[in-house]
Amino acid sequence: MASFKTVMKSGHPPTLFAAFLYFDFCFAIWVLNGAMGPFITETYKLTPAQTGFMISLPILAGAIMRFPLGVLAQYIGRKNAALTEMGVIVLAMIYGFHFVSSYDDVLAMGVLLGIAGASFGVALSLGSGWFPPEHKGLAMGIAGAGNSGTVLAVLFAPPLAQAYGWQTVYGFAGAVMLIPIAVMILLAKEPPDSHQQTFKEHVSCLFTKDGWAFSLIYIITFGGFIGLSNFLPTFFYEQFGVTKVEAGRLTMLAALMGSGIRIVGGYFADRMGGILVLTVVLMAAIGSFLALTAAPSLAVTTVLFMLCFAALGAGNGALFQLVPLRWPNNTAVAGSMIGEVGALGGAILPNVMGLSKQYAGGFAPGFVAYAVFTVVVLACLALWQRKWVGAWVGPRGKVLAPTDAEQAVPDLKPATA
């Protein structure tokens, strides 16, 4: 197995670091309303359904914006697209600091927070673009570990909101966004893996069965991660009566596990195969969701969420080890499209939880629904891999041998749905 030092020498670590930091800070801003959910709910006396919708709106907006940003990145470059997005985010945070004063304003701010959620595909493609195929899983795992921005949000937003008012947190967020902007300008270099393609070729992943198969898996892994990350502060606050700050700290434990394990998922996907790793983590996710329906104690619930987030994070890393193998010439667009659909799944989850609490009196039905969906996707994965192995990926989801790879060029002859 190649050492970490060897992997880094094969690419451009400064660009990878800039991509990680860009995604990390964007992710933190994307989930701000979720991290401050208990404060906002208390301020405007929201029902559980209103809280769920408020939390889900930034996820939904970010999902919708991911694909357009990915397409833009193919034309102006991933570094330029990242800088453009971060500049707009700073302006959005200024708006939030000065003008949010009602529940409708919070919803409008949720749409603006979605701009930050669009960073996913660009960040992963930028970070991994300098690395060869056999190391892209680890590189994407490192860049994708920027979803640890959830940790920053739930760790710092609640105490800042308590001390200065939750609207002021938008101002703090806008100021710290200048850090990844500076790092991107100084360290990042546009990767050499860009290809001149027509718009039709850029969006070809939209019309392949594989694209939608990947998206369904990502609804479980990333949709579960982002949806739960946003909802957990409210869950802990309402389910166990902890303080708002304590709810953020408990969420941090789970989110930190999920973001850190993403790197491990990418690493083992490179070596053991992304399909194999996905199979294992989906089974672990099913067990975690079902165990949470028993409404265990606070300590046990926290441990279960940590295990659940570990599985989801590893699944995120494993899936995106496969993306550049399937779409080597337009990874940013394919990644953005898959990330968009996956994030839509995350937007559904807070609403399901809110409605479950309001109409069923508890959160168990929401966990059951996600467990059942995961079982369905796991069964589908067992069928899909039969067509994937040998066509564009090796056994268990490893990189094809060079002689086999020359015969498998799926981007030129996509299998239409």
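Can you give the Kirkwood hydrodynamic radius of the chain from its Cα pairs, in Å with one decimal?
Numbers: mean 1/r = 0.0478 Å⁻¹.
Result for the chain, one decimal place: 20.9 Å.
Short version: what are the Cα gyration tensor semi-axes of region 1-102, square root of 5 times each eigenvalue, largest first, in whole Å?
34, 17, 13
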In this structure, among Lys9/Lys79; Lys5/Lys136; Lys189/Lys398; Lys5/Lys398; Lys136/Lys189; Lys79/Lys136, pairs with alpha-carbon gaps over 24 Å are Lys189/Lys398
So, for region 202-401, what is the accessible surface per residue at a probe of 1.4 Å, expressed in square angstrom?
32 Å²
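Rounded to the nearest 0.05, what FRET efficiency is calculated for Val303 and Val176 with R0 set to 30 Å and r the Cβ-Cβ distance?
My answer for the efficiency is 0.45.
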For Tyr95 and Tyr44, FRET efficiency with R0 = 25 Å and r from the beta-carbon atoms, rounded to 0.05?
0.85
Modelled label-to-label distance, Lys5 and Ala391, 7 Å Cα→beta-carbon offset: nm?
4.2 nm
Determine the relative contact order of region 202-401: mean sequence separation of Cα pairs under 8 Å and six or more apart, normalised by residue count, in whole percent.
35 percent
Using alpha-carbon coordinates, inclination of helix 149-164 to the longest axis of the chain, degrees
20 degrees
Equivalent ellipsoid dimensions for region 10-196 as semi-axes, Å, which come from the Cα gyration tensor, largest first:
31, 15, 14
With R₀ set to 22 angstrom, the calculated FRET efficiency between the beta-carbons of Leu186 and Tyr164, to the nearest 0.05, is 0.10
Under a plain spin-label model, where a point goes 7 Å from the Cα along Cα-to-Cβ, how far apart in nm are Val280 and Thr84?
4.1 nm
Highest mean packing first, using Cβ neighbours within 10 angstrom, the peptides 64-71, 315-322 sort as 315-322, 64-71
Share of accessible surface on carbon and sulfur in the chain, whole %, 1.4 Å probe and ligands ignored, is 70 percent
Which peptide among 272-281, 80-89 comes first, and what is the full order, when sorted by highest mean count of other Cβ atoms within 10 Å?
272-281, 80-89
Accessible-area ranking of Val183, Val376, largest first, probe 1.4 Å
Val376, Val183
Using only protein heavy atoms and a 1.4 Å probe, report how much of Met252 is accessible, in Å² to the nearest 10.
40 Å²
Contour minus Cα-Cα distance for Leu107 and Cys380 (0.36 nm per residue):
94.7 nm
Using a 1.4 angstrom probe, figure out how much accessible area region 62-151 has per residue, in square angstrom, rounded to the nearest whole.
29 Å²
Restricting to Cα pairs below 8 Å that are 6+ residues apart, what does the relative contact order work out to for the chain? Please round to a whole percent.
26 percent
Backbone HN-Hα couplings from phi across region 289-294 [Karplus 6.51/-1.76/1.60, Hz, Gly and Pro as x]
4, 5, 5, 6, 5, 6
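The values are calculated or read from the model by the stated rules, or taken from the named source; none is laboratory data. Remember, it's a predicted structure, so these values are computed and weren't measured experimentally. Positions of Cβ are backbone-derived with ideal geometry, glycine not excepted, and every protein chain shown enters the neighbour counts. Side chains included, ligands, DNA and RNA excluded: accessible areas come from the protein's heavy atoms. Shrake-Rupley method; radii C 1.70, N 1.55, O 1.52, S 1.80 Å.
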